[in-house]
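Right, one structure below, let's go through it.
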Amino acid sequence: MGSNLLMVRPTRTDEAKTGASPGLTNEDGLAILKKCPSVKNVACEITLKTQAKYLDKDWDTSITGTTPFYQEVKNFHVEEGRFISTQDVEEWKKVCVLGKTIVRELFKEESPIGKTIKIRNERFTCIGIMEAKGQTGWRDEDDVIFIPQTTAQKRFTGDTKVTGLLVQSKGSGGAEAEDVISEIEAILTKRHKNIIDFEVRSQQEILDTMQQVTQSFKLLLGGIAAISLLVGGIGIMNIMLVSVTERTREIGLRKAIGAKRLDILTQFLIESVVISVTGGIIGIVSGIGLGVGIGKLMSKAMPGGTWSSVVSLSSIILSFCFAVGIGIFFGMYPANKASKLDPVEALRYE
């Protein structure tokens, strides 16, 4: 799916609730294809949750009623067999094309081509298998069954409405997409008698939204990390202050036999850095372990895709440097306090 893909979705308006709105239909898609010169292809989607059965096996999945152009619009092609044809749509045929996840769960090593599966107690003949698509966000693109649009409407929904329209423009997106959106909105507004019961969104717009959400998450996680570093640093400082108090006589003895202020300062700074670096190493190892573990769990929970955590060397180095910096920064005050102790007073302590 590129930046030239536009998605038209119905919206819940007051007119839609009262029935005054005609809703989004496949005829709207045909009108867009006919009257909009910037549009290359249009495909409809009718998406429903369902359960598919084959012999004694069943699998909860979704079905998508659509038209032949779907392959080109979504860049999602058949690997074996064939996709839905115009004749299948016109004759309301009970045929289906299966995603890889369905094939794996219902048929194992057996070829599904020509086999019959049950969808909502209706028998469908498998005519094709889609290529592997993988994950899109939280959605397994391979966990889907494609059937003709008219079959979905006649057998399951009972009306002419569609879940959405997928529009492929002739341009490459960007500024051109805004012009195509304007054309589509003008056509649909006229067809729907000036009732705005739809929205048109481009892939670039969705990508921009995702990037904004990602940036918000980065800021949120950065804030949490900053608070964690602050709390950890205060913890290190408190530990070192307690250590200075408990080792006052030791400090006095060392200074009495010739230790300089710099020696005492260096000793306590090294101890502080060791504590923070140790914690940092434990955190890095734990983070990598959790990332790998969560990836494996997600791969098992969503078999259609492979989840993996990516830990770069730069992030490890950055974490290590932060740990050293925290140790030096928060260890400076206790170390400085220890180095300034008067040896006579320190020896008389306790």
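Of all residues in the range 33-47, count the ones that are touching a residue at least 40 places away in the same chain (Cβ under 8 Å) and part of a helix (DSSP H, G or I).
Going through the range 33-47 one residue at a time, the tally reaches 1.
Within the range 256-295, work out how many residues are over 24 Å from the mean Cα position of the chain (by Cα), among the small types (Gly, Ala, Ser) and under 25 Å from Phe329 (Cβ atoms).
6
Which members of the range 183-205 meet the condition of being free of Cβ contacts under 8 Å to residues at least 60 places away in the same chain and more than 20 Å from Pro37 (Cβ to Cβ)?
Here is the first cut: in the range 183-205, the residues free of Cβ contacts under 8 Å to residues at least 60 places away in the same chain are 185-186, 189-190, 194, 205.
Those that are free of Cβ contacts under 8 Å to residues at least 60 places away in the same chain and more than 20 Å from Pro37 (Cβ to Cβ): Asn194, Glu205.
Return the pair list, or none, for Cβ contacts closer than 7 Å from residues in the range 98-116 that are surrounded by 21 or more Cβ atoms within 10 Å (Cβ to Cβ) to residues that are at pLDDT 90 or above and in a helix (DSSP H, G or I), at least 6 apart or on different chains.
Pro112/Val103
Between a residue in the range 327-346 that is in a loop (DSSP other than H, G, I, E, B) and any residue that is surrounded by 15 or more Cβ atoms within 10 Å (Cβ to Cβ) and modelled with pLDDT of 80 or more, which pairs come within a Cβ distance under 6 Å, given they are 6 or more apart or on different chains?
Leu341/Ile251
Please find, among Val285, Val273, the residue that is of a type in the set (A, V, I, L, M) and touching a residue at least 24 places away in the same chain (Cβ under 8 Å).
Working: Val285 fails: touching a residue at least 24 places away in the same chain (Cβ under 8 Å).
The match here is Val273.
Taking the range 335-350 as the region of interest, how many residues are surrounded by 13 or more Cβ atoms within 10 Å (Cβ to Cβ), at pLDDT 75 or above and within 60 Å of the chain's Cα centre (by Cα)?
So the count comes out to 6.
Is it the case that Val167 is closer than 30 Å to Ala52 by Cα and not polar (S, T, N, Q)? Before the answer, list the steps.
Numbers: closer than 30 Å to Ala52 by Cα: yes; not polar (S, T, N, Q): yes.
So Val167 fits the description; yes.
Kindly indicate whether any position in the range 216-234 is assigned by TED's automatic domain parsing to the domain that holds Ile326, exposed (fewer than 13 other Cβ atoms within 10 Å of the Cβ), assigned to a helix (DSSP H, G or I) and not acidic (Asp, Glu). So that I can check it myself, show each step before the final result.
Going residue by residue through the range 216-234, those that are assigned by TED's automatic domain parsing to the domain that holds Ile326 are none.
There is no residue in the range 216-234 that is assigned by TED's automatic domain parsing to the domain that holds Ile326, exposed (fewer than 13 other Cβ atoms within 10 Å of the Cβ), assigned to a helix (DSSP H, G or I) and not acidic (Asp, Glu).
Within the range 48-71, is there a residue that is assigned to a helix (DSSP H, G or I) and either under 25 Å from Leu188 (Cβ atoms) or without any contact (Cβ under 8 Å) to a residue 40 or more places away in the chain (or both)? Break it down into steps so the answer makes sense when it comes.
Residues of the range 48-71 assigned to a helix (DSSP H, G or I): 70-71.
Next, from what is left, pick out any that are either under 25 Å from Leu188 (Cβ atoms) or without any contact (Cβ under 8 Å) to a residue 40 or more places away in the chain (or both): 70-71.
Yes: the range 48-71 contains one or more residues that are assigned to a helix (DSSP H, G or I) and either under 25 Å from Leu188 (Cβ atoms) or without any contact (Cβ under 8 Å) to a residue 40 or more places away in the chain (or both).
Among the residues of the range 110-126, is there at least one that is modelled with pLDDT under 90, over 26 Å from Met210 (Cβ atoms) and not polar (S, T, N, Q)?
yes
Kindly indicate the residue of the range 87-116 that is among the β-branched types (Val, Ile, Thr) and outside any strand (DSSP E or B) and also farthest from Lys300 (Cα to Cα) among those meeting that condition.
Here is the first cut: in the range 87-116, the ones among the β-branched types (Val, Ile, Thr) are 89, 95, 97, 101-103, 113, 116.
After this cut, where a residue has to be outside any strand (DSSP E or B) as well, the list is 89, 101-103, 113.
Numbers: Val89: 36, Thr101: 13, Ile102: 15, Val103: 17, Ile113: 27 Å.
So the residue we want is Val89.
Yes/no matrix, rows are residues, columns are (1) in a helix (DSSP H, G or I); (2) surrounded by 15 or more Cβ atoms within 10 Å (Cβ to Cβ):
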site: Ala259; (1), (2): no, yes
site: Gln267; (1), (2): yes, yes
site: Glu271; (1), (2): yes, yes
site: Thr278; (1), (2): yes, no
site: Ile281; (1), (2): yes, no
site: Val285; (1), (2): yes, no
site: Met298; (1), (2): yes, yes
site: Ile316; (1), (2): yes, yes
site: Ala323; (1), (2): yes, yes
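For the range 117-138, give me each residue that is β-branched (Val, Ile, Thr) and either surrounded by 14 or more Cβ atoms within 10 Å (Cβ to Cβ) or in a loop (DSSP other than H, G, I, E, B) (or both).
Narrowing the range 117-138 to residues β-branched (Val, Ile, Thr): 117, 119, 125, 127, 129, 136.
Hits for the range 117-138 are Ile117, Ile119, Thr125, Ile127, Ile129.
Taking Asp208, is it under 28 Å from the mean Cα position of the chain (by Cα) and among the acidic types (Asp, Glu)?
yes
Scan the range 160-174 and give yes if some residue there is surrounded by 11 or more Cβ atoms within 10 Å (Cβ to Cβ), without any contact (Cβ under 8 Å) to a residue 60 or more places away in the chain and either more than 19 Å from Lys34 (Cα to Cα) or in contact with a helix residue (DSSP H, G or I) (Cβ under 9 Å, 6 or more places away or on another chain) (or both), otherwise no.
The answer is no; no qualifying residue exists.
The values are calculated or read from the model by the stated rules, or taken from the named source; none is laboratory data. Treat the numbers as computed from the prediction; the structure is a model and nothing was measured. As a convention, Cβ positions derive from the backbone with ideal geometry for all residues, glycine included, and neighbour counts pool all protein chains shown.
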